[in-house]
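As structure tokens, the structure follows; a few thoughts come after it.
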Amino acid sequence: MLVIAYLLGSIPSGVWIGKFFYKTDIRQFGSGNTGTTNTFRVLGKKAGFIVLLMDMLKGTLAACQPYLFDVHINVLLIGCAAVVGHVFPLFAHFKGGKAVATSAGILLAYSPIFFLVAWFIFLTSLYLSSMVSVASMVGMTLITLLSLFFHDPILTIIALILTVFVFYRHKGNLTRIRKGEENMVPFGIVYNKKKKKK
């Protein structure tokens, strides 16, 4: 199951969608990242939403294996292999995304309600900050804190590990945020404030 999860996570959705349908390698544009955010930036909304769904589905399918094979093991443990595959994909020279969408997919397999709560946190943070990077880091931090209410040590430990990992993968973003140079989505409070100033 771990091998299957890793291989599922290794599917470079953004790269494949870009090459097959847009004749574009998204790794050559924008941030150079293969994930959802750079796909939105380089290929547009349609491709971005498709890649978002694919990246989440990778995590969900990987994490659902214990249910499918009737094995009594926490789905989060198997799902983590998909995150590793997404960040270090076998099919894209081990250079992948930042693990946020695939982590959300794992959460869907674990608890659909918690998944919806996580999306609410992410979208609210995105609206307030106008930055996907900020929404991702704030979202993962709050999800880790909320996991304490589930009284599942494995959930909290994995959420904490993924949060640290997401912060690590956003090192460059943190630098740009401090300098006021981080890319923004074209909506939200911070974006509208900057637009008014201009």
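Please give the helices (runs of 4 or more DSSP H) falling wholly within the stretch 96-198 in which 1 or more residues are in contact with a Gly (Cβ under 6 Å, 6 or more places away or on another chain).
Ranges flagged: 100-110, 112-129.
Tell me whether the stretch 89-111 contains one or more residues that are touching a Cys at 6+ places or on another chain (Cβ under 8 Å) and buried (at least 23 other Cβ atoms within 10 Å of the Cβ).
yes
Pairs under 8 Å by beta carbon, first residue closer than 15 Å to Thr163 by Cβ in the stretch 99-120, partner of a type in the set (Lys, Arg), six or more apart or different chains?
From the stretch 99-120, the pairs are Ala99/Arg169; Thr102/Lys58.
Check Asp70 against each of (1) outside any helix (DSSP H, G or I); (2) among the acidic types (Asp, Glu); (3) closer than 25 Å to Met131 by Cβ and name the one condition it does not meet.
(3)
Pull up the stretch 129-167, narrow it to residues that are free of Cβ contacts under 8 Å to residues at least 40 places away in the same chain and within 30 Å of Lys195 (Cα to Cα), then point me to the one that is surrounded by the fewest Cβ atoms within 10 Å (Cβ to Cβ).
If we take residues in the stretch 129-167 being free of Cβ contacts under 8 Å to residues at least 40 places away in the same chain and within 30 Å of Lys195 (Cα to Cα), then Phe167 is surrounded by the fewest Cβ atoms within 10 Å (Cβ to Cβ).
FYI, it's all coordinate maths here, none of it is from the lab. This one's a predicted model, so the numbers in the text were calculated from it and none came from an experiment. Here Cβ is always computed from backbone atoms with ideal geometry, including for glycine, and neighbour counts include all displayed protein chains.
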